[in-house]
Structures are given as structure tokens and as C-alpha cells.
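See below for the structure under consideration.
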Amino acid sequence: MLASVSAVLLVALYVVAVRTKWGQDLDDAALDGRTTRSVVIRATGRLLDTISITSLALLGGAATVIAVARGRIHLALTAAAVVVGAVVTTEILKLVVLGRPDLLGSNDPLPTPSFPSGHATVAMSLAVAFTLVVPARARGVIALGGVAYACLIGTGTVTAGWHRPSDVMGGFLVVMMWAGIAAASLIRWRGATPEREAEHLGEPDINPTMAWMGAVLLALGFVGFVIVYLAIRQDRLDAVRLDGAYAASLVAIVGVGLVLMSALLASLRGVGLDPHRELVSRAASRPGRARPAR
């Protein structure tokens with residue numbers, strides 16, 4: 001379900017933001033209104049420099065090491081599939097499949113195809129990879145830290161003028177599509193413990209808070225975009241500060257990131273991502289945890 005919904009939303013986002021004039025207008029209004037303060041630009045540049053082939057290999061390798069150290073080779077393979085699959089899919093979509101019609105002419109501040117964002121895809125895929133390989137009780141904290149980094153990278157690409165807001169959201173959706181496919185395949189391949197037998201996993205209840213925060217931010221971003229859209233339609237964009245469109249785009253990006261990550265956590269709630277027999281064996285070996293034979 002997570003993979004299917006992400007795929008549908010990805011297509012819808014592309015159609016609305018890239019294939020319609022008003023969608024391109026909204027995207028580009030956010031780019032036109034981005035901050036030009038030198039301190040912010042320098043800090044953004046340093047942040048974006050953390051995304052590279054080297055950092056991808058190092059952080060991806062770190063996630064693999066965690067999985068191997070826990071004796072979970074299957075989790076290492078799953079995390080690698082998410083990262084590699086999402087990054088390759090994004091590059092193919094951006095460079096080969098999804099074109100960008102010239103609906104704005106010379107007014108387009110970023111005329112080259114850029115949907116989805118590669119930087120946003122890398123950052124979110126690493127966040128998902130670490131979420132999958134750590135013990136279930138640590139998922140919430142790791143996911144929160146990971147999505148915070150992904151949102152910083154995503155908003156940073158808009159601030160730097162490298163990507164439009166929809167590009168970043170598209171990158172997040174590509175990752176969640178792969179996360180859903182990989183997790184479902186893993187559960188089918190290796191089996192998983194149902195919620196009633198995973199009480200000892202001790203997962204923190206973080207995803208509802210993330211979901212509510214994301215929903216509120218999405219609502220605020222939506223209101224901001226509606227105001228900008230109405231100003232564009234009435235040719236009164238000069239009456240609406242462009243930095244308001246930029247701020248609305250940043251809020252919307254963070255909202256999307258939080259909602260998607262909370263959806264992943266919710267789908268994995270009570271799921272051990274370990275073979276059923278291993279968890280049952282560990283539970284049976286603990287005093288007072290024995291269950292009747294089935």
C-alpha cells in the first residue's frame with residue numbers, strides 16, 4: 001500500500017507541477033523568492049556538499065555494517081536495494097523519462113529538467129536505510145533524525161536554486177515507493193513477527209507525533225501556495241511577497257517528509273523484520289515468556 005500510494009502521488013505531482021503552467025508558476029515563484037543572504041547561502045552550500053558519491057558510499061556502508069554486526073544480512077540487502085533502486089530510478093526518470101515542457105519561456109529560472117531531485121533522493125534513501133537496519137526500538141529516533149537531515153537537504157536545494165520544491169517532494173516519493181517494495185518483499189521472503197508477538201520490541205510511539213506535525217505543516221504550506229496561486233491568477237503577484245512562496249515551499253517539503261516517514265513507521269509498527277522462527281525462539285528462551293505450543 002505504501003509503495004502503491006507513493007507511486008500514484010509521484011505521477012500526480014509530476015502532472016500538476018511540471019505539465020501545467022500554473023504548477024510551473026508556483027514552483028518558480030518559490031525559486032524567485034528564495035533568500036539571497038550570503039550567510040545562508042554559504043551554510044546551504046556546506047550542507048549540500050555532504051551529498052556526494054563518497055558520502056553515499058560511506059553512509060550506505062555504515063548502514064550495512066550495522067546490519068551485519070546484528071547478524072542481519074537480509075536487512076543489509078534490503079537497505080542497499082532501497083538506496084540503489086531509488087537513486088537509479090530518480091536518475092532515469094529525470095534524465096530519460098520525465099520531460100519538462102517549456103510553458104513559461106524565458107521566465108523559467110531553472111529551465112532544465114530536474115524532477116525528481118537526486119540530492120533529496122539520496123538523503124531520504126539513507127534515512128530509510130538506517131531506519132530499516134536498526135533494532136525496532138530505535139526506529140523512531142533514527143527515522144526522526146534521518147528525515148530531519150533529508151528535509152534540510154531538500155530545502156537546501158531550493159535555497160541554492162538547484163531544484164524546485166516539487167522536485168524534492170518527488171525524490172521523497174521515489175524513496176518511499178522503494179521502501180514499501182523492499183519491506184514487503186523482505187517480509188514475504190524472510191517472514192516477520194505479527195504485532196501480538198512483538199511486544200518485546202519496545203518501539204517508541206513517535207510516528208503519530210511526526211504525522212501530526214507533518215499534516216499541520218502541509219496544511220500551512222497548502223494555504224501559502226493557494227495565496228500565491230490566486231495572486232498569479234489575478235496578476236497581483238507583486239502584492240504578495242515572493243519570499244512567502246519560498247517559505248511555503250520549505251514548510252511543505254518538511255511536511256511531506258514527516259508524513260511519509262511516519263507512514264513508513266506506521267506500516268512497520270510491530271513488525272520485527274526478522275524470521276518468525278528466530279523471534280519465537282528468543283521469546284521462548286526468556287523466563288516467563290513461554291507460550292503454549294501451536
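Things worth noting here:
- Test: residue in region 2-17 that is assigned to a loop (DSSP other than H, G, I, E, B), in contact (Cβ under 8 Å) with a residue 60 or more places away in the chain and surrounded by 20 or more Cβ atoms within 10 Å (Cβ to Cβ): no
- Close Cβ contacts (under 8 Å, 6 or more residues apart or on different chains) running from residues in region 154-177 that are at positive phi to residues that are at pLDDT 95 or above are absent.
- Sub-7 Å Cβ pairs linking a first residue in region 29-45 that is under 12 Å from residue 162 (Cβ atoms) to a second residue that is surrounded by 11 or more Cβ atoms within 10 Å (Cβ to Cβ) and among the polar types (S, T, N, Q), at least 6 apart or interchain, are 34/159; 44/159, ordered by first then second residue.
- Residues satisfying the stated conditions in region 102-117, i.e. closer than 21 Å to residue 91 by Cβ and either in contact with a His (Cβ under 7 Å, 6 or more places away or on another chain) or surrounded by fewer than 21 Cβ atoms within 10 Å (Cβ to Cβ) (or both): 110, 111, 112, 113, 114, 117
- Here region 132-145 is the region considered, the condition is being in contact (Cβ under 8 Å) with a residue 24 or more places away in the chain and of a type in the set (Gly, Ala, Ser), and the residue that is surrounded by the most Cβ atoms within 10 Å (Cβ to Cβ) is 143.
- When 230, 250, 218, 279 are checked against the criterion of being modelled with pLDDT of 80 or more, in a helix (DSSP H, G or I) and not β-branched (Val, Ile, Thr), 250 stands alone in meeting it.
- The selection criterion, being under 22 Å from residue 176 (Cβ atoms), out of contact with any strand residue (DSSP E or B) (no Cβ under 6 Å at 6 or more places or on another chain), surrounded by fewer than 18 Cβ atoms within 10 Å (Cβ to Cβ) and at pLDDT below 90, holds for residue 96.
- Taking the listed residues 179, 129, 148, 120, the one that is surrounded by fewer than 24 Cβ atoms within 10 Å (Cβ to Cβ) and among the small types (Gly, Ala, Ser) is 148, with no other qualifying.
The values are calculated or read from the model by the stated rules, or taken from the named source; none is laboratory data. All of these numbers come straight from a predicted model, not from anything done at the bench. Positions of Cβ are generated from backbone atoms using ideal geometry, with glycine treated the same way; all protein chains shown enter the neighbour counts.
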